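**Student:** Below is one structure. I have some questions about it.
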Amino acid sequence: MAYILNIETATTNCSVSVGENGELKSLVELNEKEYSHAENLHVFIKQAIAEAGINLSDLSAIAVSKGPGSYTGLRIGVSAAKGLAFSLDIPLIAVTTLTSMAHQNNNPADFIIPMLDARRMEVYAQVHDTNKTPLKETTAEIIEETSFAEYLAKGTVSFIGNGATKCQGVITHKNAIFDNNILEPTAKEMVSISYEKYKNKEFEDVAYFEPYYLKDFIAGKKKA
């Protein structure tokens, strides 16, 4: 029996789940405009464990969303995951945030492109096929009318995520599908992915693993 704790903090959605052999046992999450991860994450972990009817000592692995996403959110989630994996002496699993998002898509389309808002007209994006398999690495894209034209020319493309909403008026190709119901990643979709990685022993080095920020962190000016 493999119990895996999944942690998702790449965006404003603070989300924790427990999976049992790839099936969802519990899910606790809160999506607020202001980040609440520092206050809520460890509380949500305890609640998810309790709702799954297990103890921390029953866990087989810890999985964490590795990014891209919010610098602060990712740092909080990865720090918690590494701490638990080290203290429990169990494997650490990293799940790409945008691949996890792709698993939310139920639209019939030839390609799935999850997008996270990277401010202005830039997004973090990753192209997936109908099986949710990544076709290319995650990139930071400045959205223009011709963005992803090579995929739109081949078939229908489902754009999802909070980055897709600002692209809707720019990408107007007839094959573009925009799903405004899928905005944030969640630990629910991590359950099946982390279990497959667990079975394949795709583990991270707890000491050296770092989030995938994609772009260097730039601190903003303090408000007066």
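The values are calculated or read from the model by the stated rules, or taken from the named source; none is laboratory data. Since the model is a prediction, treat every value here as computed from it, not as a measurement. Quick reminder, even Gly has a Cβ in these numbers, built from the backbone with ideal geometry, and neighbours come from all protein chains shown.
**Student:** So which residues in the range 54-75 are under 28 Å from Ala118 (Cβ atoms) and surrounded by fewer than 20 Cβ atoms within 10 Å (Cβ to Cβ)?
**Tutor:** Of the residues in the range 54-75, the ones under 28 Å from Ala118 (Cβ atoms) are 62-75.
Tyr71, Thr72, Arg75 - these are the residues of the range 54-75 that are under 28 Å from Ala118 (Cβ atoms) and surrounded by fewer than 20 Cβ atoms within 10 Å (Cβ to Cβ).
**Student:** Pairs only if they're at least six apart or on different chains, beta carbon under 7 angstrom, first in the range 28-39 and under 14 Å from Arg75 (Cα atoms) and in the same structural domain as Val78 (by TED's automatic domain parsing), second of a type in the set (S, T, N, Q) and surrounded by fewer than 17 Cβ atoms within 10 Å (Cβ to Cβ); list them, first residue then second.
**Tutor:** The qualifying pairs are Tyr35/Thr72.
**Student:** Tally up the residues in the range 1-44 that are in a helix (DSSP H, G or I), aliphatic (A, V, I, L, M) and over 16 Å from Met190 (Cβ atoms), please.
**Tutor:** Qualifying residue count for the region: 2.
**Student:** Just for strands (runs of 3 or more DSSP E) wholly inside the range 99-162: which have at least 3 residues that are at pLDDT below 95 and either surrounded by fewer than 21 Cβ atoms within 10 Å (Cβ to Cβ) or out of contact with any strand residue (DSSP E or B) (no Cβ under 9 Å at 6 or more places or on another chain) (or both)?
**Tutor:** Result: 139-142.
**Student:** What residue, among those in the range 164-191 that are buried (at least 16 other Cβ atoms within 10 Å of the Cβ) and of a type in the set (Ser, Thr, Tyr), is modelled with the lowest pLDDT?
**Tutor:** Checking each candidate, the answer is Thr165.
**Student:** Could you check the range 69-88 and list, in sequence order, the residues that are closer than 15 Å to Ser57 by Cα and either among the acidic types (Asp, Glu) or in contact with a strand residue (DSSP E or B) (Cβ under 6 Å, 6 or more places away or on another chain) (or both)? Explain how you work it out, then say what you get.
**Tutor:** The first filter runs over the range 69-88 and keeps only residues closer than 15 Å to Ser57 by Cα, leaving 81, 83-88.
Listed by number, the residues that qualify are Ala81, Leu84, Ala85.
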